[in-house]
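Here is the structure we will look at.
Just so you know, all these numbers are worked out from the coordinates, no wet-lab data involved. No experiment lies behind these values; they were computed from the predicted model shown. In this analysis, Cβ positions are derived from the backbone assuming ideal geometry, glycine residues included, and neighbour counts consider all displayed protein chains.
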Amino acid sequence: MNTPNKLTLLRVIMIPVFMVVYMYFNTYPIISAAIFALAFVTDMLDGYLARKNNQVSNFGKIMDPLADKVLVAAAMVLLTAAGIVNPWVTVLVLAREFAVSGIRIAAAVEGNVVAASIWGKVKTIWQFVAITLALLVNKQTLYIDIFMWANLALTVMSGIDYIVKNKKYLSYK
């Protein structure tokens with residue numbers, strides 16, 4: 001197993017650790033925010049290493065985006081349950097993630113890989129910033145709301161961009 005795939009697996013393992021720390025040791029929100037941030041850094045690092053060292057694999061093509069989506073979903077659900085993030089934001093963000101995953105699966109069935117667009121990359125970075133801030137502040141505030149609604153706007157924009165560019169995978173054959 002190559003290093004990028006090991007980093008992806010590390011991120012998968014970090015998700016339940018992040019959840020346990022957030023749910024049971026939340027008196028120190030910096031710890032759960034640090035775990036989330038470290039997991040996000042493994043995402044950037046595994047992609048960089050895979051491309052740099054020509055170690056792109058089928059496992060990585062499937063597991064990397066899946067691990068990212070599970071990490072974001074876990075954080076958004078926990079923040080919503082804590083009353084920090086509006087449930088509408090979480091549901092719509094997750095709906096976009098499921099839709100994009102569906103398109104990726106449809107493309108994979110046809111032997112294609114759909115790369116992330118610049119909007120997807122901007123969305124991902126903004127999600128990281130918004131979620132990390134919400135984890136650190138650990139309470140509902142106006143500026144957390146603003147960051148999360150901006151997160152939703154970028155998520156919807158990138159989702160629309162993704163669907164428009166890949167609509168060929170939505171048709172029935």
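Would you mind calculating the gained length between Ser117 and Lys52 on full extension (0.36 nm times residue separation, minus the Cα-Cα distance), in nm to one decimal?
Here the answer is 21.5 nm.
Nearest 20 debye, what's the magnitude of the dipole of region 1-91 about its Cα centre given +1 on Lys and Arg Cβ and -1 on Asp and Glu Cβ?
200 debye
In debye, nearest 20, what is the charge dipole magnitude of the chain about its Cα centre with +1 on Lys and Arg Cβ and -1 on Asp and Glu Cβ, if you could check?
Result for the chain is approximately 440 debye, rounded to the nearest 20.
How many angstrom lie between the C-alpha centres of region 40-68 and region 95-165?
If you average the Cα positions of each part, the centres end up 17 Å apart.
Hey, if you put +1 on the Cβ of every Lys and Arg and -1 on every Asp and Glu Cβ in the chain, which of Ile118, Tyr28, Leu152 ends up farthest toward the positive end of that dipole?
Highest projection toward the positive end goes to Ile118.
For a Förster distance of 22 Å, can you work out the FRET efficiency between the beta-carbons of Ile31 and Ile146, rounded to the nearest 0.05?
0.30
Quick one: net charge of Ser117's neighbours, Cβ under 10 Å, K/R +1, D/E -1?
Spelling it out: positives minus negatives among the neighbours equals +2.
Take peptides 131-143, 19-31 and line them up by average Cβ neighbours within 10 Å, highest first, as a rough protection proxy.
Per-residue mean Cβ counts within 10 Å order the peptides as 131-143, 19-31.
Take Ala153 and Lys165, extend 7 Å from each Cα along the Cα→Cβ direction, and tell me the distance between the two endpoints in nm.
Taking the simple label geometry, Ala153 and Lys165 are separated by 2.1 nm.
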